[in-house]
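Colleague: The structure that follows is given in the form of structure tokens.
All of the numbers you see were taken from the coordinates with simple rules; none came from a lab. Given the structure is predicted, the values throughout are model-derived calculations rather than measurements. All Cβ positions, glycine included, derive from the backbone under ideal geometry; neighbour counts span all protein chains shown.
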Amino acid sequence: MNNQRRQVLKAGSGAALLSILAAAGMITPGMALADWNKSAFDAKSMADTLKALGASSTADSKEVQVTGPDIAENGAVVPVGVSSSLPNVTMVAILIEKNPNALAASFVLPEGTEANVQTRVKMGQTSNVYALVKSDGKFFMATKEIKVTLGGCGG
Amino acid sequence: MANPMKIRAAHKDGVTEVKVLVSHEMETGQRKDSAGAVVPAWFITELTAKHNDKVVLTSEFGPSVSKNPYLAFKFKGGAKGDKVVVSWKDNKGDSRTDEAAIA
């Protein structure tokens with residue numbers, strides 16, 4: 001006879017059983033998002049986002065480049081690229097200051113992957129776009145203003 | 001099930017450049033439909049690229065990455081015919097994996 005199973009069944013039914021299982025870690029809500037850095041993506045301001053990413057102090061660097069158009073006609077599709085000539089870059093993030101949530105995307109680069117990524121982002125309005133690069137454990141930033149003539153986040 | 005990704009990988013001078021075009025709505029959760037109800041957020045949260053079982057890029061996306069996300073990156077090494085495997089996961093738990101050979 002399986003004693004443990006007996007006890008779980010005896011302990012309760014329905015909601016009570018569910019909460020016991022959840023407490024035991026057998027059911028975890030939102031398990032699919034376990035690795036996703038929710039606090040960083042939920043942060044509204046630049047400062048909060050940097051904190052959530054662990055970048056307590058950042059320095060401006062000329063060795064980090066943000067590429068993108070000066071004027072984006074369509075805010076729904078703005079090509080943005082980040083490249084850097086700094087050594088040992090392990091992380092790259094793209095932040096858009098005036099979007100509802102500043103962080104757009106972050107990339108983890110293992111050894112052998114170059115600090116050169118391009119993607120496309122949405123921008124609600126004209127804003128500074130920041131590139132955050134982690135090199136040798138230190139954080140460096142660069143910025144570029146991209147003007148948006150038609151927002152990409154409206155209804 | 002989501003539509004397949006388009007993956008192009010090209011090798012040149014010791015460096016492989018990978019370009020990925022994912023087919024995904026990337027709904028922000030900020031938009032409202034004609035009835036005024038908020039359209040729930042639906043976006044890719046994680047994307048991983050592998051070359052011969054070695055991870056070459058992991059990325060986390062927020063909802064402000066454009067619809068049908070495009071991504072380009074480069075890594076050292078790789079040879080013609082090697083496989084590049086890209087997989088993503090969205091906030092609804094859906095996922096997809098596609099692969100391409102380096103040209």
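Colleague: Would a scan of the stretch B:83-92 turn up a residue that is loosely packed, with under 14 Cβ neighbours inside 10 Å, more than 12 Å from every other protein chain (Cβ to nearest Cβ) and out of contact with any Leu (no Cβ under 8 Å at 6 or more places or on another chain)?
Modeller: no
Colleague: Another question, then. Could you look through the stretch A:107-155, keep only residues that are touching a residue at least 60 places away in the same chain (Cβ under 8 Å) and assigned to a loop (DSSP other than H, G, I, E, B), and pick out the one that is surrounded by the most Cβ atoms within 10 Å (Cβ to Cβ)?
Modeller: Going through the qualifying residues, I end up with A:GLY152.
Colleague: Considering A:ALA59, A:ALA104, A:ALA52, A:ALA43, which residue is over 17 Å from A:PHE140 (Cβ atoms), in contact with a strand residue (DSSP E or B) (Cβ under 9 Å, 6 or more places away or on another chain) and either at the interface with chain B (Cβ under 9 Å from one of its Cβ atoms) or exposed (fewer than 12 other Cβ atoms within 10 Å of the Cβ) (or both)?
Modeller: Numbers: A:ALA59 fails: over 17 Å from A:PHE140 (Cβ atoms); A:ALA52 fails: either at the interface with chain B (Cβ under 9 Å from one of its Cβ atoms) or exposed (fewer than 12 other Cβ atoms within 10 Å of the Cβ) (or both); A:ALA43 fails: either at the interface with chain B (Cβ under 9 Å from one of its Cβ atoms) or exposed (fewer than 12 other Cβ atoms within 10 Å of the Cβ) (or both).
The unique qualifying residue is A:ALA104.
Colleague: Follow-up. Right, A:PRO79: out of contact with any helix residue (DSSP H, G or I) (no Cβ under 6 Å at 6 or more places or on another chain) and more than 20 Å from B:PHE43 (Cβ to Cβ) or not? Let's see the steps before the verdict.
Modeller: On the way: out of contact with any helix residue (DSSP H, G or I) (no Cβ under 6 Å at 6 or more places or on another chain): yes; more than 20 Å from B:PHE43 (Cβ to Cβ): no.
No; evaluated as a whole, the condition is false for this residue.
Colleague: Something else now. List the number of the failed condition for B:THR16; all other conditions in (1) surrounded by 22 or more Cβ atoms within 10 Å (Cβ to Cβ); (2) of a type in the set (Val, Ile, Thr); (3) at the interface with chain A (Cβ under 7 Å from one of its Cβ atoms) hold.
Modeller: It is condition (3) that B:THR16 fails.
To keep it simple, each residue is scored yes or no on (1) within 7 Å of chain A (Cβ to nearest Cβ); (2) over 23 Å from A:VAL80 (Cβ atoms); (3) surrounded by 14 or more Cβ atoms within 10 Å (Cβ to Cβ).
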{"position": "B:SER66", "(1), (2), (3)": "yes, no, yes"}
{"position": "B:LEU71", "(1), (2), (3)": "yes, no, yes"}
{"position": "B:GLY77", "(1), (2), (3)": "yes, yes, yes"}
{"position": "B:LYS80", "(1), (2), (3)": "no, yes, no"}
{"position": "B:GLU99", "(1), (2), (3)": "no, yes, no"}
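Colleague: Which condition does B:LYS74 not pass, out of (1) under 13 Å from the mean Cα position of the chain (by Cα); (2) in a strand (DSSP E or B); (3) of a type in the set (D, E, K, R), if it passes all the others?
Modeller: Checking B:LYS74 against (1) under 13 Å from the mean Cα position of the chain (by Cα); (2) in a strand (DSSP E or B); (3) of a type in the set (D, E, K, R), the one that fails is (1).
Colleague: Condition first: at the interface with chain A (Cβ under 7 Å from one of its Cβ atoms) and surrounded by fewer than 22 Cβ atoms within 10 Å (Cβ to Cβ). Now tell me which residues in the stretch B:26-56 satisfy that. Break it down stepwise before answering.
Modeller: Of all residues in the stretch B:26-56, those at the interface with chain A (Cβ under 7 Å from one of its Cβ atoms) come to B:28, B:30-32, B:45-46, B:55-56.
Hits for the stretch B:26-56 are B:GLN30, B:ARG31, B:LYS32, B:GLU46, B:VAL55.
Colleague: Right, next: Would you check if B:SER59 is touching an Asp or Glu at 6+ places or on another chain (Cβ under 8 Å), facing chain A (nearest Cβ under 9 Å) and either of a type outside the set (A, V, I, L, M, F, W, C) or part of a strand (DSSP E or B) (or both)?
Modeller: Values: touching an Asp or Glu at 6+ places or on another chain (Cβ under 8 Å): yes; facing chain A (nearest Cβ under 9 Å): yes; either of a type outside the set (A, V, I, L, M, F, W, C) or part of a strand (DSSP E or B) (or both): yes.
Yes.
Colleague: Filter the stretch A:87-106 down to residues that are part of a loop (DSSP other than H, G, I, E, B) and touching a residue at least 40 places away in the same chain (Cβ under 8 Å), then give me how many there are.
Modeller: Step one: filter the stretch A:87-106 for residues part of a loop (DSSP other than H, G, I, E, B), giving A:87-88, A:97-102.
Now drop any that are not touching a residue at least 40 places away in the same chain (Cβ under 8 Å), which leaves A:87-88, A:97, A:99-102.
Number satisfying all stated conditions: 7.
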